[in-house]
Amino acid sequence: MITSLALRARIPVIVALIALMAAGVYALTNLRVQLFPDVDFPLISVSTLYPGADVDTVLADVTLPLEQALAQVPNSVTISSITSPNFSLVIQEFDFGTDMREAERSARELVDALTLPDGVPSFQLARANPEEFPIMQLSVFSDLDFDALHALISAEVLPGVRAVEGVLRADVPLGTQAGVTVTRTNGRPSLSINVLKEADANTIDVSDGVLAEIEAAKGRLPAGVEFVTLMDQGPEIRTSINTLTREVVLGAILAVMVIFAFLLSVRPTVVTSISIPASVLGGLLIMSWQDMSLNIITIGALAIAVGRVVDDSIVVMENIYRHIQAGEARIPAALAATREVTAAITTSTLTTIAVFGPLGFIGGIIGAFFLPFALVVTYSLLASLVIALTVVPVLGSFLIRANERAPEGDTVLQRIYTPILRWSLAHRVWTLLGAAGVFVGSLGLLAGIPVAFITGGEQNILVVEMTAPPGTPIEGTLAQLDEVEAALAALKDEGTVDIYRSQIGATGGGFGPGQGGPGSVDAARILVILGEGVGALETIDVLRGDLAGEGRTIAVSLAGGGGPDGSRMELVLAGEDYAELAATALRIVEALGGLEGLIDVRTAAVPPEALPGGRPAQISRINGRQAVTVTGTITAQNTQGVSRAVDAEVERLGLPDGVQLETSGVFADIEELFSQMIRAMVIGIVLVYAVMMVSQRSLITPFVIILSLPLASIGALGALFITQRSLGLSSLLGLLMLVGLVVTNAIVLIAFVEQLRKRGLSVYDALMEGGRTRLRPILMTAFTTSFALLPLAVFISESAGVVGAELATVVIGGLMTSTMLTLVVIPVIYSLLRRERKPKAVAGASDE
């Protein structure tokens with residue numbers, strides 16, 4: 001047995017512990033740092049510049065041949081395209097799990113076989129892998145004309161930026177290079193620089209290096225050349241990591257305080273607390289070995305793991321402490337106590353790990369993003385189990401004093417708990433009815449809980465879309481843009497706006513912030529970065545009013561923050577008849593215009609009779625049919641409530657024959673999210689039952705333990721209802737975690753009850769003795785996990801991303817109710833299913 005070996009080699013175990021922690025610290029300092037995990041998005045884009053060609057020529061000569069060629073690539077799900085004068089963008093989407101290297105190779109062969117029209121230099125095919133997302137976007141502007149500025153930057157700035165260690169590529173977007181895009185920053189002509197990093201580079205280091213090179217380059221440039229940073233992942237990552245690290249440390253401190261509050265002794269508290277840094281550093285060491293990165297998902301996983309990794313050590317240490325207090329010698333006590341709980345903590349750890357397994361296999365964006373989350377938690381839990389079975393007994397045998405004795409009589413907790421358990425076992429029907437009633441009642445809280453895909457903190461970037469009447473020449477659009485930029489300049493002087501960048505025309509076909517697709521000359525897209533402390537939602541209304549004017553329409557929305565966009569409504573109408581599509585889209589816009597919680601409902605569709613030549617300046621297609629999109633910005637916290645209202649309005653309007661509605665945006669995200677997470681929970685519960693069935697060699701005992709799961713939903717839903725936090729990605733992840741966490745307490749209790757029964761105790765006596773004995777470690781594990789997550793639930797900022805307040809709120813609420821009810825309800829269920837012996841009578845009470 002591993003514990004016996006460890007106790008026979010106590011000094012080597014301590015040396016190994018020190019080496020593990022040192023190696024973990026070294027691994028921490030050498031891990032790659034980036035914003036998100038490496039996710040191979042199943043997307044391919046083909047962008048094509050066709051200078052001087054009208055929209056029909058681009059469609060016929062470029063877009064349609066590309067669509068037909070790409071349709072031959074295996075595993076294709078969707079092919080969509082946007083065609084405008086001078087530019088074509090085709091995007092192909094595949095199933096997650098598709099071999100994208102092979103898909104890219106196949107697509108490239110098919111595209112390269114096409115004959116290029118005269119005037120088209122080449123097709124630009126790109127795969128949406130993490131390496132294709134810029135980590136920085138800079139804007140350069142001066143009084144020089146575009147060609148002179150482009151030549152200056154290409155000669156004096158780009159070579160130095162490209163030489164920065166870790167930079168993969170630094171260039172000017174395709175559309176800007178070709179001169180088909182008009183770009184202005186703060187009202188002055190400008191060009192953009194996109195910086196991409198190498199796959200194994202540290203984002204923060206690359207960001208710092210590029211900014212340092214830009215500062216050095218300024219000395220070589222003429223006066224009047226200015227740089228502004230539009231997007232930089234470096235500071236964002238640094239803030240996110242610092243925030244989560246602070247919460248990890250604070251949570252660990254609170255967990256240690258809880259342990260001391262229960263044990264009231266420094267030595268066992270120190271022994272138990274060692275498992276927190278040792279387990280986390282052990283997990284980091286495995287992450288380094290697996291070439292994983294530190295990002296908001298993996299750091300969040302470590303923050304969550306802090307509360308759980310100490311549980312195994314608590315159970316072992318509490319049992320060792322109890323044996324030594326009973327008068328046993330330290331080394332035999334450490335060995336006997338650890339053996340007594342080895343099966344229980346091993347099973348509970350494996351069940352928790354089993355819960356996270358489905359995250360890596362449910363598919364879609366959720367599975368892709370949260371596989372690293374599952375792996376990091378698994379690595380930390382495995383490390384915590386090994387430490388609990390080796391390091392904790394060794395340190396306990398050294399540090400727990402033999403002269404410590406348990407106080408005579410019951411503890412305060414036992415005096416409170418014993419009569420409650422005795423009453424519950426004597427009134428089993430009433431106990432179960434009460435628990436069932438509370439559970440059913442908690443389901444009613446769902447109606448009052450907001451539902452959203454993902455919640456985030458206040459953003460400071462808005463996107464303004466200015467549209468002139470169809471057919472407006474670029475000179476007219478620029479005149480309208482002059483008026484809009486004048487209003488933005490006034491807001492900049494007030495401090496409301498910090499930076500604004502305007503673009504007209506095609507920007508390029510890459511991926512990432514600012515890498516838009518084709519744009520017509522009668523529309524402009526303006527990126528607005530707000531001043532420090534300015535609220536985005538409040539400013540939306542300000543911009544809509546200040547930027548409005550005759551001859552243009554203005555729409556303002558929140559910019560995506562680099563992750564899933566939880567505020568964008570998108571309805572896609574597909575069909576063959578553009579006139580019918582446009583009419584339907586305009587009716588939907590009118591119907592949704594006054595919907596509460598939804599703003600800036602708009603469509604680019606225009607009736608053919610209002611278009612020059614009866615044809616739109618920009619043609620969208622999806623899977624071979626024309627498409628028109630209706631978009632809007634959701635401001636309500638309850639996204640699902642807005643979704644229901646939108647569905648009701650669309651159903652009331654009805655769709656004509658030949659027009660099909662495809663819901664996308666956040667509504668489709670929510671539908672997919674709930675489907676995938678429910679599937680993950682079901683698979684997780686099955687795996688948990690299977691692990692317990694194998695480890696305990698029983699069908700009934702695991703069934704009893706599984707019945708503790710509904711008890712967690714009572715507190716989880718209650719906590720969300722009280723705090724009015726959303727039921728979405730973060731909270732569903734918390735519910736999935738609860739499946740593994742809740743059964744831990746039931747396993748610790750029932751495993752000991754089974755041991756007592758093997759010693760000859762009746763079911764009743766074993767439940768009473770087991771409950772009283774395991775009361776302290778069960779409460780300790782629940783409270784340490786909850787207090788470790790308390791900083792995430794209370795103090796967390798938007799920098800924590802998806803692993804934040806909702807997840808912690810769900811876990812804390814679920815653990816509190818499940819722990820309290822597990823100590824009462826699970827013994828009752830066990831007594832009903834295990835009737836080998838008749839329970840002892842209780843004076844003054846009747847059974848059932």
Original post:
Which number in (1) surrounded by fewer than 18 Cβ atoms within 10 Å (Cβ to Cβ); (2) in contact (Cβ under 8 Å) with a residue 60 or more places away in the chain marks the one condition that Thr245 misses?
Top reply: (2)
**OP:** Determine whether segment 699-714 contains at least one residue that is without any contact (Cβ under 8 Å) to a residue 12 or more places away in the chain and open to solvent by 10 Å² or more (accessible area, probe 1.4 Å).
**Re:** yes
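Yes/no matrix, rows are residues, columns are (1) surrounded by 18 or more Cβ atoms within 10 Å (Cβ to Cβ); (2) among the polar types (S, T, N, Q); (3) in contact with a helix residue (DSSP H, G or I) (Cβ under 6 Å, 6 or more places away or on another chain):
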| site | (1), (2), (3) |
| --- | --- |
| Ile2 | no, no, yes |
| Ile14 | no, no, no |
| Val33 | yes, no, yes |
| Asp40 | no, no, yes |
| Val46 | yes, no, yes |
| Tyr50 | yes, no, yes |
Original post:
Does Ser726 satisfy being in contact with a strand residue (DSSP E or B) (Cβ under 7 Å, 6 or more places away or on another chain) and either open to solvent by less than 10 Å² (accessible area, probe 1.4 Å) or of a type outside the set (Asp, Glu) (or both)?
Top reply: yes
Original post:
Based on what the data block shows, is Leu144 closer than 30 Å to Glu236 by Cβ and open to solvent by less than 80 Å² (accessible area, probe 1.4 Å)?
Top reply: no
Original post:
Restricting attention to segment 460-472, does a residue exist that is more than 30 Å from Pro607 (Cα to Cα), buried (at least 17 other Cβ atoms within 10 Å of the Cβ) and touching a residue at least 12 places away in the same chain (Cβ under 8 Å)?
Top reply: yes
**OP:** Working carefully through the options Val650, Val686, find the one that is out of contact with any Pro (no Cβ under 8 Å at 6 or more places or on another chain), open to solvent by 50 Å² or more (accessible area, probe 1.4 Å), part of a helix (DSSP H, G or I) and at pLDDT 85 or above.
**Re:** Val686
Original post:
Restricting attention to segment 607-620, does a residue exist that is open to solvent by less than 30 Å² (accessible area, probe 1.4 Å), part of a loop (DSSP other than H, G, I, E, B) and more than 30 Å from Ile449 (Cβ to Cβ)?
Top reply: yes
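This table checks each residue for (1) among the basic types (Lys, Arg); (2) within 18 Å of Ile345 (Cα to Cα); (3) more than 20 Å from the chain's Cα centre (by Cα).
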{"site": "Ser273", "(1), (2), (3)": "no, yes, yes"}
{"site": "Ala278", "(1), (2), (3)": "no, yes, yes"}
{"site": "Ile286", "(1), (2), (3)": "no, no, yes"}
{"site": "Ser293", "(1), (2), (3)": "no, no, no"}
{"site": "Gly300", "(1), (2), (3)": "no, no, no"}
{"site": "Ala303", "(1), (2), (3)": "no, no, no"}
{"site": "Val306", "(1), (2), (3)": "no, yes, no"}
{"site": "Val309", "(1), (2), (3)": "no, yes, yes"}
Subject >> Answer from Glu576, Glu596 - the residue that is more than 31 Å from the chain's Cα centre (by Cα), open to solvent by 30 Å² or more (accessible area, probe 1.4 Å) and of a type in the set (Asp, Glu) >> reply: Glu576
**OP:** State whether the residues of segment 823-836 include one that is open to solvent by 30 Å² or more (accessible area, probe 1.4 Å), part of a helix (DSSP H, G or I), among the polar types (S, T, N, Q) and at pLDDT 70 or above.
**Re:** no
Subject >> Meets criteria (aliphatic (A, V, I, L, M), open to solvent by less than 10 Å² (accessible area, probe 1.4 Å) and either part of a strand (DSSP E or B) or modelled with pLDDT under 85 (or both)) for Ile153 >> reply: no
Original post:
When Phe356 is evaluated against the numbered criteria (1) modelled with pLDDT of 85 or more; (2) open to solvent by less than 10 Å² (accessible area, probe 1.4 Å); (3) more than 22 Å from Val258 (Cα to Cα), which criterion, by number, is the only one it fails?
Top reply: (1)
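Could you check, for segment 158-171, whether at least one of its residues is touching a residue at least 60 places away in the same chain (Cβ under 8 Å) and either surrounded by fewer than 22 Cβ atoms within 10 Å (Cβ to Cβ) or within 34 Å of the chain's Cα centre (by Cα) (or both)?
No, the conditions are met nowhere in segment 158-171.
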Original post:
When you look at Arg108, is it open to solvent by 80 Å² or more (accessible area, probe 1.4 Å), under 21 Å from Arg169 (Cβ atoms) and modelled with pLDDT of 90 or more, yes or no?
Top reply: yes
**OP:** Spot the failing condition for Glu769; the list is (1) open to solvent by 10 Å² or more (accessible area, probe 1.4 Å); (2) under 39 Å from the mean Cα position of the chain (by Cα), and only one is missed.
**Re:** (2)
**OP:** Working carefully through the options Ala645, Ala636, find the one that is at pLDDT 85 or above and open to solvent by 20 Å² or more (accessible area, probe 1.4 Å).
**Re:** Ala645
**OP:** Being in a helix (DSSP H, G or I) and of a type in the set (Gly, Ala, Ser) is the filter; apply it to segment 727-751 and report the residue that is nearest to Gly814 (Cα to Cα).
**Re:** Gly734
Subject >> Enumeration of residues in segment 254-290 that are in a loop (DSSP other than H, G, I, E, B) and either hydroxyl-bearing (Ser, Thr, Tyr) or open to solvent by 50 Å² or more (accessible area, probe 1.4 Å) (or both) >> reply: Leu264, Ser265, Gln290
Original post:
So, in segment 67-90, of the ones that are in contact (Cβ under 8 Å) with a residue 60 or more places away in the chain and within 30 Å of Leu359 (Cα to Cα), which residue ends up least open to solvent (accessible area, probe 1.4 Å)?
Top reply: Ile79
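Among residues belonging to segment 8-35 that are part of a helix (DSSP H, G or I) and not aliphatic (A, V, I, L, M), point out the one that is farthest from Leu371 (Cα to Cα).
Taking segment 8-35 and keeping what is part of a helix (DSSP H, G or I), we get 8, 10-30.
Restricting the remaining residues to those that are not aliphatic (A, V, I, L, M) gives 8, 10, 12, 24, 26, 29-30.
Numbers: Arg8: 38, Arg10: 36, Pro12: 35, Gly24: 21, Tyr26: 24, Thr29: 23, Asn30: 21 Å.
Among them, the one singled out is Arg8.
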**OP:** May I ask you to verify whether Asp208 is charged (D, E, K, R), modelled with pLDDT of 90 or more and part of a helix (DSSP H, G or I)?
**Re:** yes
**OP:** Just one of (1) of a type in the set (A, V, I, L, M); (2) part of a loop (DSSP other than H, G, I, E, B); (3) closer than 12 Å to Val157 by Cβ trips up Ala223, so point out which.
**Re:** (3)
**OP:** Could you check how many residues of segment 545-558 are under 35 Å from the mean Cα position of the chain (by Cα), more than 13 Å from Glu485 (Cα to Cα) and open to solvent by 10 Å² or more (accessible area, probe 1.4 Å)?
**Re:** 4
Subject >> Test: residue in segment 614-627 that is farther than 23 Å from Ser45 by Cα, modelled with pLDDT under 90, in contact with a Leu (Cβ under 6 Å, 6 or more places away or on another chain) and not aromatic (Phe, Trp, Tyr) >> reply: no
Original post:
Can you name the number of the only condition in (1) in contact (Cβ under 8 Å) with a residue 60 or more places away in the chain; (2) surrounded by fewer than 20 Cβ atoms within 10 Å (Cβ to Cβ) that Ala22 fails?
Top reply: (1)
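The values are calculated or read from the model by the stated rules, or taken from the named source; none is laboratory data. Note that this is a predicted model, so its numbers are computed, not measured. Cβ: placed from backbone, ideal geometry, glycine included. Neighbour counts: every protein chain shown. We work out accessible area using only protein heavy atoms, side chains counted, and drop any ligands, DNA or RNA first. Shrake-Rupley method; radii C 1.70, N 1.55, O 1.52, S 1.80 Å.
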